[in-house]
Amino acid sequence: MPTSPTVDADQPTAAPTGRNRRADLVVALVALLLAGWVTSGLWSDPNGRAITVNSSDQALFEWLLAFGGHAITHGENPLFTTLINVPDGVNLAVNTSVTVYAAVFAPLTYLIGPPATFLVILTLNLAATALAWYWLLSRHLDRSRFAAGLGALFIAYSPGMVSHANAHLNWTAGWLVPLLVHAVFVLRRPGRWLRGGIVLGALVAVAFSIAAEGLFFTALALGVFLTIWSLHPARRAEARSALPTFLRGLGVAALVAGVLLAYPLWLHFAGPQRFHGTGFDPVIHAEDIAAFGAYPQRSLAGEAGLRTSLAPNPTEENSFFGLPLLLLAVACFVALWRWADPGRRATLAALGGTAMVFAVLSWGSQAKWNGRHTGQLLPFGLLDDLPVVNAALPSRLALVVAPMIGVLLAYAIDRLRAAPPRRRGARAAWALGFAAALLPLLPVPLLTSTREPIPEFITAGTWREHVSPDGVLTPLPLTLDVTPDGQRWQAYALAHRQGEFRIPAGFFLGPGGPDGRGRIGPPPRTFDTLMDQAGRTGLVPIITEGSVRLSLADLRYWGVEAVVLPDRVHGAKYDLDENALRRTATALLGQPQRVDDVWLWKVPPA
């Protein structure tokens, strides 16, 4: 998601005047207010409310923050754990481990708990993304602070970013992108390749920990952008002369990043519980072409009833710019091209070319229009079996387009403010165009709802009376993406220093999918299949001696000592029938005992 390679070249850095400082303060306040506005539904009760459309990912990131802080403070491995998915464990290097966030915010997690820490990071991510882009645009690309502020705010609160604010701490960490972009462009300066390479390598290591898929997309986008820019006749000689210094800096960056990421990369590609591909269907997660002209759900236009269902779920509205913005972007590009000198045209060609490449790639291997596959084969089909590429979701490549549009808007406003059209009608047309394109996309707060509280059985530490140290308990139904209670309970115990208990299954990506690809959670067994069926349907399955024997074998395979059912179970995607769960568990394990506010079954020894 890069911008122009004209950093510190085409535009001088603005002097820090009082007027500029006031502009900086205004942009910072607006960025913070918008971040608080988008996440406002959680601030009233961080521990008692969850993001409605993606409470499962919220529970996962809360667990990652609690586990990562616990692992670092207790000298455990933060990238591999057997606390979930016993006995096999989980390779967190191939998941989104957010280890840097877990380490930096560990004191806050211990102080206020994982849910509140999650909310703080989510809010800061959005605000920091706006501020980082504003810094890049205002200090290096635009003369106008107003233009830089509008471009930065658009990028930070674009439809894709607001969509991923539905619990994705990795994708909302967009502040990494302008830092990476700047660090890459600094490498071409004579005498800066060594220090610049060290800085870039460290940034790559941090970005890999927080958002590896986003880092991959940023690297691809920079490669496409710089290739187009370097091949332009107006920049070819400049690119050729800067290439040796640039390559030396890249070599240093690769060395530094390689040293810092040696163990995570080994785990990722050769460690236990690794897999190739992804646990998600890339056909489903390909962008609908019509989505580029549609409006997102969490926007003023969406609230007015103009939203669509063209995304696979509300967290993946990765384009959804609306037709007016697409038309405005084209108008800005054409106007800027007419006004530009050859050097700036190279930058515009790279911006437009990168946006088009990633838009087309985001459509996946087969074109889809308004929900229907057309059968037309697309370029991504040539790439989707390549290593690393096959682990990315094609629809998310559309996220690269938003910064291209944001920079284009900033350039256009900068040019219009410096030399406004002489005719009043033309000025009014531009103002009307910007208003019609941007106002409908203003974000509205994320949808939130009440979630079930952590049972007193966990919060009071009663579980320690029924589970041996480092022993295994399981909630009913077993922990998965759709039933995340187990990891929420575990996160509470870790953050409140109650000790460790382990659980079978969990919400993670691991091996076991078709054709050797990954899958969400472990392959199902008899016990969890029966409990899932009971919870979803409200009907007790037929229980035979064979199913009892197999269920007990499953529990002993996992080493479960206690099976626990709270009065209310949180279903992330659908409601669950607690009565059917209790009756099914009773048929399999006998009568339960009431302990605090849960039903508890002790698993008999073999």
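The values are calculated or read from the model by the stated rules, or taken from the named source; none is laboratory data. What you see is a predicted model, and the numbers here were worked out from it, not measured in a lab. Heads up, the Cβs are rebuilt from the backbone with ideal geometry, glycines too, and the neighbour counts pull from every protein chain shown. The protein model used for the area step is the full one, side chains on, heavy atoms only, and it has no ligands, DNA or RNA in it. Shrake-Rupley method; radii C 1.70, N 1.55, O 1.52, S 1.80 Å.
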Within-10-Å neighbourhood charge of A234 [Cβ basis; K, R +1; D, E -1] = +2
For the chain, find the longest principal axis of its Cα atoms and tell me its angle to the long axis of helix 485-495, 0 to 90°, nearest 10.
-> 80 degrees
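Quick check: net charge around R248, other residues with Cβ under 14 Å of its Cβ, Lys/Arg +1 and Asp/Glu -1?
Numbers: positive: R188, R189, R192, R195; negative: none.
Around R248, the charge tally is +4.
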Cα centroid of the stretch 566-606 to Cα centroid of the stretch 239-265, whole Å | 54 Å
Rounded to the nearest 10 Å², the 1.4 Å probe accessible area of E456 is 100 Å²
Residue-count net charge about P566 - beta-carbon cut-off 9 Å; Lys, Arg +1, Asp, Glu -1 | -4
Quote the accessible area belonging to E287 in square angstrom, nearest 10, computed with a 1.4 Å probe and with ligands, DNA and RNA left uncounted.
-> 10 Å²
Order R145, R594, most accessible first, counting only protein heavy atoms with a 1.4 angstrom probe.
-> R594, R145
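Calculate for the chain the 222 nm mean residue ellipticity that helices alone would give, adding -39,500 (n - 2.57) per DSSP H run of length 4 or more and normalising by residue count, nearest 500 deg cm²/dmol. Don't jump to the answer; show the numbers that get you there.
Numbers: 21 runs with 306 residues, N = 606.
Taken over the chain, the calculation gives -16500 deg cm²/dmol.
How high is the relative contact order of the chain, given as a whole-number percent (alpha carbon pairs under 8 Å, six or more residues apart)? Show your work: numbers first, answer last.
Details: 1120 pairs, mean separation 114.8, N = 606.
With pairs under 8 Å counted, the relative contact order is 19 percent.
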Solvent-accessible area, 1.4 Å probe, carbon plus sulfur percent, for the stretch 160-282 | 73 percent
How would you rank 195-206, 380-391, highest first, on the average number of other Cβ atoms within 10 Å across their residues?
-> 195-206, 380-391
Calculate how steeply helix 145-156 sits against the longest principal axis of the alpha-carbon atoms of the chain, using the helix alpha-carbon long axis, and give the answer as 0 to 90 degrees to the nearest 10.
-> 30 degrees
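Quantify, in whole percent, the carbon and sulfur part of the accessible surface of the stretch 397-554 (1.4 Å probe; protein heavy atoms only).
On the way: 3740 of 6530 Å².
So the carbon and sulfur contribution to the accessible surface is 57 percent.
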Hey, could you grab the Kirkwood Rh for the stretch 187-263? Inverse mean 1/r over distinct alpha carbon pairs, Å, one decimal.
-> 13.2 Å
For T450 and L265, FRET efficiency with R0 = 41 Å and r from the beta-carbon atoms, rounded to 0.05?
-> 0.50
Whole-percent carbon and sulfur share, accessible surface of the stretch 288-357, 1.4 Å | 64 percent
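Leaving ligands, DNA and RNA out of it, rank V259, V569 by accessible area with a 1.4 Å probe, largest first. Display every interim value, and only then the final one.
On the way: V259 105, V569 10 Å².
If we order V259, V569 from most to least accessible, we get V259, V569.
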Would you mind working out the accessible area per residue for the chain, using a 1.4 Å probe, and quoting it in Å²?
-> 40 Å²
For the chain, longest principal axis from Cα atoms; helix 193-231 axis from its Cα atoms; angle between them, nearest 10 degrees, is 40 degrees
Roughly how many nanometres apart are two label points built 7 Å out from the Cα toward the Cβ at L231 and A28?
-> 4.3 nm
Mean separation of Cα contacts under 8 Å (6+ apart) over length of the stretch 118-235, as relative contact order % | 24 percent
The alpha-carbon center of the stretch 108-157 and that of the stretch 305-376 are separated, in whole Å, by 23 Å
How big is the charge dipole of the stretch 340-477 about its Cα centre, in debye rounded to the nearest 20, if each Lys and Arg gets +1 on its Cβ and each Asp and Glu gets -1 on its Cβ?
-> 1320 debye
How far is the Cα center of the stretch 469-484 from the Cα center of the stretch 23-75, in Å?
-> 24 Å
